[in-house]
Amino acid sequence: MEIKSPFTVRVLFLLIISFVFSQTYAQSKVQKLYESGNYMKCINISNKNIKNGKDKLSSYLYKSLSVIELYDSDKLRELYKYPVIEALKGIHKLEKFKVKYPSDYFYSENRYRIDKIIRFAERKADSLFYANNIGGSLRIYYKFRAIYPQNNYYLYKYSKLLNFNSYAVLESDKNLTEKHLHERMYEVFANCKKYFRRNTRKELIEDLNLLYNDTACDLQTASTILVLYPQKIGHDTEFEQQVMKFQDKYMQIKMLLEINKKRASGYVCGGLLIDPRPPLILSNCLSRTARKYAEYMQKENIFSHTGKGDSTPWQRAKEEGCSADAENIAANYTDNTKVVLKQWLDSEGHCKNIMGFHKEIGIGNAGNYWVQMFK
């Protein structure tokens, strides 16, 4: 054990006190400017500090706070074209710091201040959306996605601004796969009351309207809402109107809902009573696979589970980026989904596929050829 002299101890103590005092003073300078309402000066001093590598954490924080306080100021608009984005840049730096130094006190002590900036940015993004400034709102949620790439709520909001067009979302994030995107979106809808709180019903009806009016409707997302809405909210007139609209426009939705009715009540397949099963969700990937194979059978005038080059259903699904464990095919000269579905239900093997332990279904049609795929 090392013993230090009293003089050495005093010197060390004074050095520590001096260091703490200097840090406290440096931190309190921008904080005092902010708390005194001198927001523009706080921004200017913070910018100088950041440039000189001095007191960067406090400068990022109080600059961002000052930016949101001056949001409607002409002077701020002259300085920053997108003030909310500027405020979020500071949050991005603080989040990176937290990841690098998880035990540091600064982030935790200022959590409520950081939350204030985040909530402000969310409100502004939503107000821009309702003012039909989609570009402005998209810009903010794009920044949120950069800061919090694993946050499902921000992914949902970003997707919504793109009318839930999965191709557009995936184009903007090369690290995201179609499967992962829809898994995360499902998690949001399955826990919608947690994410949307009081506005749950309004949000979901609004989402269905966006999906219905989009020419590139993401049927997987639409089917997820249509299936989960009654479970989470219940039935109401506006929802039932949405159901009718989607059924009239999309045969896949019409057949899906018919299948889910059978699954909900149980069904007799070849003399064997199958217990009730949970509802299925449409899979974009499986539907794409089913449609392409229906088109292939129509073009080649064949009726077989074996496709081009002796391909199997599982190979065809894999080529599209998903997997399958069952396939039904039918040839019927009708566009009535109920007639085609009954044809499958009257066949024991096909019926068992429909009533099986699956979570997703793909539905495709071309002329008189019909295909179902399950996973």
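The values are calculated or read from the model by the stated rules, or taken from the named source; none is laboratory data. The model shown is predicted, which means the values in this text are computed figures rather than measured ones. When we count neighbours, we look across all protein chains shown, and the Cβ atoms used for this are built from the backbone with ideal geometry, even at glycine. Calculation scope for accessible area: heavy atoms of the full protein, side chains included, ligands and nucleic acids excluded. Shrake-Rupley method; radii C 1.70, N 1.55, O 1.52, S 1.80 Å.
Filter the stretch 62-86 for residues that are surrounded by 18 or more Cβ atoms within 10 Å (Cβ to Cβ) and in contact (Cβ under 8 Å) with a residue 40 or more places away in the chain and give the result. Across the stretch 62-86, the qualifying residues are Ser64, Leu65, Ile68, Val84.
Residue count for the stretch 259-287 satisfying the condition of being assigned to a strand (DSSP E or B) and either of a type in the set (Phe, Trp, Tyr) or open to solvent by 10 Å² or more (accessible area, probe 1.4 Å) (or both): 6.
A count restricted to the stretch 101-123 and to residues that are of a type in the set (S, T, N, Q) and touching a residue at least 40 places away in the same chain (Cβ under 8 Å) stands at 1. The residue that is surrounded by the most Cβ atoms within 10 Å (Cβ to Cβ), counting only those in the stretch 139-151 that are touching a residue at least 40 places away in the same chain (Cβ under 8 Å) and in a helix (DSSP H, G or I), is Ile140. Scanning the stretch 297-341 for residues that are of a type outside the set (A, V, I, L, M), open to solvent by 60 Å² or more (accessible area, probe 1.4 Å) and assigned to a helix (DSSP H, G or I) gives Gln298, Lys299, Glu300, Lys308, Gly309, Asp310, Trp314, Gln315, Lys318, Glu319, Lys338.
Within the stretch 152-179, the residues that satisfy the criterion of being closer than 24 Å to Ile118 by Cβ and either of a type in the set (D, E, K, R) or open to solvent by 50 Å² or more (accessible area, probe 1.4 Å) (or both) are Lys157, Lys160, Asp173, Asn175. Remark: pairs (first residue in the stretch 41-61, over 12 Å from Leu94 (Cα atoms) and at pLDDT 95 or above; second residue in a helix (DSSP H, G or I) and open to solvent by 40 Å² or more (accessible area, probe 1.4 Å); Cβ separation under 6 Å; 6+ apart in sequence or on different chains) = Ile50/Lys56.
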